[in-house]
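The structure appears below as structure tokens.
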Amino acid sequence: MEVNTQDITRAFIHNGEALAQQFPALQQYIYGKKLVYLDNSATTQKPLSVINAISDYYKTINSNIHRGVHHLSQKATDAYEVSRNTLAALINARKAHELIFTKGTTDGINMIADVFGRYALKKGDSVIISAMEHHSNIVPWQMICERYGATLKVIPMTQDGVLIMDDYIKLLDSTVKIVAVTYVSNSLGSVNPVKEIIRLAHNNGTPVLIDAAQAVQHMPIDVQDLDCDFLAISGHKMYGPTGIGILYGKEEWLEKLPPYQGGGDMIKTVTFEHTEYNELPFKFEAGTPHIEGAIVLKSAADFLTGLGLDKIAAFEHGLMTYLTAALQEFPEVDIIGKAKDKSGALSFVVKGAHPYDVGVLLDKMGIAVRTGHHCTQPVMDFFGVPGTIRASFAAYNTLDEIDYFVSSLKRALGMLL
Ligand code: ALA
């Protein structure tokens, strides 16, 4: 593959400096080598704006929300709702109350599997997922199908890691009550045609949940344009804190689905005989939430919009193209996932070397990658590999880091093969 490197920007420049300068964790040396962090699909590092927002929260706001009349409680409540508004704008939701704060993508998917299962699933029904789902978009549906006697159906993929749309169309029949698919595969990097998946499902009268955990940090997302019914994201993969995420649901769905958990905040009135549930979004936010995380998530959203998601997508596409071309020069390397449209993650195996051993040697050279099945065991089974080595990108990575990664991989393979 011929790559014109002149077309690729070497670093994302923001406010006159390379973006990595805003990330204290990236300034570290690991085993005497400058850290090269390529495990961004697992979690991203945090910019100073996010780190400072955490500290500011505890210095000036810390209080419980939606409860106290006192100043700090009001301040916390305001900041919490301002963050919800900002995140609604980030994904272009029609209304802020269509966003529920969750623990993360896994929590959001489990929530919908549980409440949708209660609302709609019965024996003989089915749920469609895809062959490249993360375990968190397989297991909750398996559990719920088992509970109600429904069947889990799987959209197959090609050897390139591309969903087979003709087979999807064949699976879409009157038994299908919901479709749940990932926007971007965490282990293959494939970007799925989710808009078309949603359109076809809607023609069948079926709602769709999108797992956007690996998309929201890499490309603009517009839930109204996609017309998805539900969409789940995680804060920590988009430069924000861990333990916080967003579940978007169309108002009409969130209104009719039953609440997920019972507790404080999700009620209007309670007697021993009957509970009247609160309005959206509080109906789905039982108990004291991760207030700090929710408030700080605004800073992560501001960071993304400040950089520009179109610019991030174009820049990271350059990193992906550059590394793909470099890896193709290694005769012993086989890239797993060859979809034309890829984002975020590049997986590969090395003939004659276990992914774990490659990962350990790279670590000694200061490079962080993830090795293993990446919580997608069915993907590994499909490709007949025990696991892969996965380099995954963020906007702060640079072509110099990719050059160092490639030369370090060469050294590691020299030791192993
Ligand atoms: N889902 C995360 C990953 O792909 C943890 O690494």
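Take the Cβ atoms of Asp403 and Gln224, set R0 to 45 Å, and the FRET efficiency comes out at 0.65.
What you get for the stretch 192-316, charging only the Cβ of Lys and Arg (+1) and of Asp and Glu (-1), is a dipole of about 220 debye around the Cα centre. Loop-resident trypsin sites (Lys or Arg not before Pro) (DSSP state other than H, G, I, E or B) in the stretch 292-395 with no more than 15 further Cβ atoms inside 10 Å of their Cβ: Lys340, Lys351. Between the C-alpha center of the stretch 310-378 and that of the stretch 386-401 there is a gap of 6 Å. With neighbours defined as other Cβ atoms within 10 Å of a residue's Cβ, the residues Trp253, Trp141 order from fewest to most as Trp253, Trp141. Span-like helix criteria (full DSSP H runs; alpha carbon extent of at least 24 Å along the helix axis; mean Kyte-Doolittle hydropathy of at least 1.0) are satisfied in the chain by 291-307. The trypsin sites (Lys or Arg not before Pro) found in the stretch 110-192 that occupy coil by DSSP, while having at most 10 further C-beta atoms within 10 Å, are Lys122, Lys123. Each of Leu319, Leu121, Leu171, Leu188 has some number of other Cβ atoms within 10 Å of its Cβ, and from fewest to most they run Leu171, Leu121, Leu319, Leu188. Rg and Dmax of the chain, based on Cα coordinates, read 22.0, 72 Å. Note on His354 and Gln28: their simple-model spin labels are 2.6 nm apart, each label 7 Å out from Cα toward Cβ.
Using a simple spin-label model with pseudo-atoms 7 Å out from Cα toward Cβ, Asp56 and Glu329 lie 4.5 nm apart. Here the extension length gained between Lys75 and Met415 equals 116.7 nm, from 0.36 nm per residue of separation less the Cα-Cα distance.
Each helix, a run of at least 4 DSSP H residues, gives -39500 (n - 2.57); summed and divided by the residues of the chain, these come to -11500 deg cm²/dmol at 222 nm. Averaging the Cα positions of each part gives two centres, and for the stretch 154-228 and the stretch 30-56 these lie 30 Å apart. Here the stretch 249-355 is assigned +1 on the Cβ of each Lys and Arg and -1 on the Cβ of each Asp and Glu. Its dipole about the Cα centre then comes out at about 380 debye.
Between Lys268 and Met165, the FRET efficiency estimated from the beta carbon spacing at R0 = 41 angstrom works out to 0.40. In a reduced charge model with +1 at each Lys and Arg Cβ and -1 at each Asp and Glu Cβ, the chain shows a dipole moment near 540 debye about its Cα centre.
Among Lys59/Lys364; Lys95/Lys342; Lys195/Lys298; Lys170/Lys256; Lys170/Lys311, which pairs are too far apart, with a Cα-Cα distance over 32 Å? Flagged as over cut-off: Lys59/Lys364; Lys170/Lys311.
In the chain, excluding the sites themselves, the longest stretch lacking any of the GluC sites (Glu not before Pro) that are in a DSSP loop with at most 13 other Cβ atoms within 10 Å is 3-272.
Ordering Leu163, Leu361, Leu416 from the fewest to the most neighbouring beta carbons within 10 Å gives Leu416, Leu361, Leu163. Rounded to the nearest 5, the antiparallel percentage of DSSP beta bridges internal to the chain is 65%.
In the stretch 35-95, a dipole from Cβ-located charges (positive for Lys and Arg, negative for Asp and Glu) runs towards its positive end, and of Ser83, Gly68, Tyr57 it is Gly68 whose Cα lies farthest in that direction.
Every read-out reported here was derived from the displayed coordinates using simple, explicitly stated rules and does not represent laboratory data. Quick caveat: nothing in here was measured; it's all calculated off a predicted structure. No Cβ is skipped: glycine too gets one built from the backbone with ideal geometry, and neighbour counts run over all protein chains shown.
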